[in-house]
1. Given the options V125, V113, name the one that is buried (at least 19 other Cβ atoms within 10 Å of the Cβ) and among the hydrophobic types (A, V, I, L, M, F, W, C).
2. Of everything in region 252-266, what is touching a residue at least 24 places away in the same chain (Cβ under 8 Å) and assigned to a helix (DSSP H, G or I)? Give them in sequence order.
3. Sort out which residues of region 175-221 are among the aromatic types (F, W, Y) and either buried (at least 21 other Cβ atoms within 10 Å of the Cβ) or farther than 15 Å from V261 by Cα (or both), and write them in order of number.
4. Going by the conditions given, is T191 in contact with a Ser or Thr (Cβ under 7 Å, 6 or more places away or on another chain) and under 19 Å from L273 (Cβ atoms)?
5. Let me confirm something: among Q319, Q373, which residue is closer than 23 Å to I66 by Cβ, out of contact with any helix residue (DSSP H, G or I) (no Cβ under 7 Å at 6 or more places or on another chain), among the polar types (S, T, N, Q) and assigned to a helix (DSSP H, G or I)?
6. Of everything in region 267-287, what is modelled with pLDDT under 95 and either part of a strand (DSSP E or B) or open to solvent by 10 Å² or more (accessible area, probe 1.4 Å) (or both)? Give them in sequence order.
7. Does any residue of region 318-339 turn out to be open to solvent by 10 Å² or more (accessible area, probe 1.4 Å), closer than 25 Å to K380 by Cβ and among the basic types (K, R)?
8. Here's a check for you: in region 354-386, which residue that is closer than 21 Å to M84 by Cα and open to solvent by 50 Å² or more (accessible area, probe 1.4 Å) is modelled with the lowest pLDDT?
Amino acid sequence: MKKRLLSLTLAAVMAASLAGCRGAEPAATTAAPTEAATTAAAAESKEAEAKEAESAAPAGNFKIGIITGTASQGDEEITQANKMKEKYGDMIVTSTYPDNFTTETETLISNAVAMASDPEVKAIVWCQAVPGTAAAIDKVRETRPDMIFIAGTPGEDPGVINPKADIVLQVDEPGCGIVIPPQAAKQGAKTMIHYSFPRHMSYALIVARHENLKKYCAENGIELVDVTAPDPTGDSGITGAQQFILEDVPRQIEKYGKDTVFFTTNCGMQEPLIRSVFENGAIYTLQCCPSPFHAFPAALNIDMAGHEADVDYMLEQLQAKVTEADMGGRISTWAVPCNMLFVEAGVEYAKKVLEGETNGVVLDEQVLRDTIQECAGDVKMTVDYYKDDQGNVKENHFLVMADFITFE
């Protein structure tokens with residue numbers, strides 16, 4: 001993803017804020033100081049200057065931790081974590097949580113505690129912030145109350161994760177429920193198949209997205225059909241959930257026709273879903289975690305060697321696959337990989353906080369917004385506060401949106 005330099009204005013402001021008077025006016029004397037007194041005074045002055053410079057300097061000797069899932073649930077986050085480590089070297093430490101995080105919460109927590117046991121780790125960026133993240137934050141804060149936590153793509157409700165994490169970054173899921181139906185209608189959709197399972201349909205923002213999908217599908221002449229799929233964290237695992245998708249998509253197309261758009265709330269189901277959509281000529285509008293990288297390469301056999309984070313390359317390859325399949329206008333996504341964005345922006349913002357470039361962790365929300373846009377490059381991002389059911393703004397929870405890119 002393309003980068004932008006921090007503005008010179010911001011740098012100048014920060015430099016000015018860190019500068020200060022280094023001494024008071026000298027006291028009047030009636031006699032010339034002795035050589036010893038002059039030497040002592042000079043030494044004292046240098047010591048005072050050194051102490052003041054040290055107190056004004058940005059915090060150093062820090063590390064930033066990144067916790068992601070493994071490649072089996074989605075390799076974008078871990079790919080971006082490795083990219084940040086390549087960029088910053090030993091300043092970045094990485095770890096993963098187990099695939100079956102719902103039943104291995106203790107491992108999830110212990111991995112976070114192990115990372116925080118290094119006193120130089122001052123911030124942890126977590127993406128995806130799966131269920132158990134809030135408990136892990138609590139455990140870490142028992143010994144590291146100073147730790148900064150940035151949680152990307154939370155799997156816990158806002159009422160659970162917001163009081164725990166310093167910053168929460170998330171796709172605007174309710175907003176996606178508003179924009180997906182008209183986009184799908186433009187692509188020719190008459191029916192939408194919505195795959196999910198009870199665990200996901202207990203999450204507040206997923207439920208809000210689903211409610212909006214129902215409303216706006218109806219307004220755009222699309223029939224919404226809910227289909228319960230196996231939970232990938234259940235007994236059948238990811239393999240069972242993926243096999244269900246492979247078998248069910250052709251059934252749904254046989255019933256409703258090719259002008260059917262498919263959506264699933266789960267990352268692990270995206271690959272078989274995309275493959276089946278292409279094989280059967282259906283419609284695909286957006287992933288649960290929007291990104292040109294999310295499941296497309298594996299589903300469409302796109303060689304990513306040497307291009308693991310190259311958005312332009314990915315978009316070119318996707319257009320070629322759409323043209324080859326004669327599916328122009330029926331496939332879309334976002335041009336920015338949101339979870340990779342959250343990892344990158346989380347690290348860059350944490351770095352600014354730790355280097356003293358912000359007024360605290362959450363008070364400089366404009367710096368966070370600017371950081372997100374810098375990491376997104378030329379793709380215009382919309383960043384809004386999350387509001388609860390009563391309309392109360394949660395000033396540490398940010399919802400992110402981008403425009404669709406449709407492959408013709």
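1. Working: V113 fails: buried (at least 19 other Cβ atoms within 10 Å of the Cβ).
Of the residues listed, the single one that is buried (at least 19 other Cβ atoms within 10 Å of the Cβ) and among the hydrophobic types (A, V, I, L, M, F, W, C) is V125.
2. So in region 252-266, the residues touching a residue at least 24 places away in the same chain (Cβ under 8 Å) come out as 252-253, 256-266.
Those that are touching a residue at least 24 places away in the same chain (Cβ under 8 Å) and assigned to a helix (DSSP H, G or I): Q252, I253, Y256.
3. Taking region 175-221 as the starting set, the residues that turn out to be among the aromatic types (F, W, Y) are 195, 197, 203, 216.
The answer is Y195, F197, Y203.
4. Working: in contact with a Ser or Thr (Cβ under 7 Å, 6 or more places away or on another chain): yes; under 19 Å from L273 (Cβ atoms): yes.
Spelling it out, T191 is indeed in contact with a Ser or Thr (Cβ under 7 Å, 6 or more places away or on another chain) and under 19 Å from L273 (Cβ atoms).
5. Working: Q319 fails: closer than 23 Å to I66 by Cβ.
After applying the criteria, what remains is Q373.
6. Initial filter on region 267-287 (modelled with pLDDT under 95): 267-268.
The answer is C267, and nothing else.
7. Checked region 318-339: at least one residue is open to solvent by 10 Å² or more (accessible area, probe 1.4 Å), closer than 25 Å to K380 by Cβ and among the basic types (K, R).
8. Among residues in region 354-386 that are closer than 21 Å to M84 by Cα and open to solvent by 50 Å² or more (accessible area, probe 1.4 Å), the one modelled with the lowest pLDDT is D378.
The values are calculated or read from the model by the stated rules, or taken from the named source; none is laboratory data. Since the model is a prediction, treat every value here as computed from it, not as a measurement. No Cβ is skipped: glycine too gets one built from the backbone with ideal geometry, and neighbour counts run over all protein chains shown. Keep in mind that these areas ignore ligands, DNA and RNA; they rest on the heavy atoms of the full protein, side chains included. Shrake-Rupley method; radii C 1.70, N 1.55, O 1.52, S 1.80 Å.
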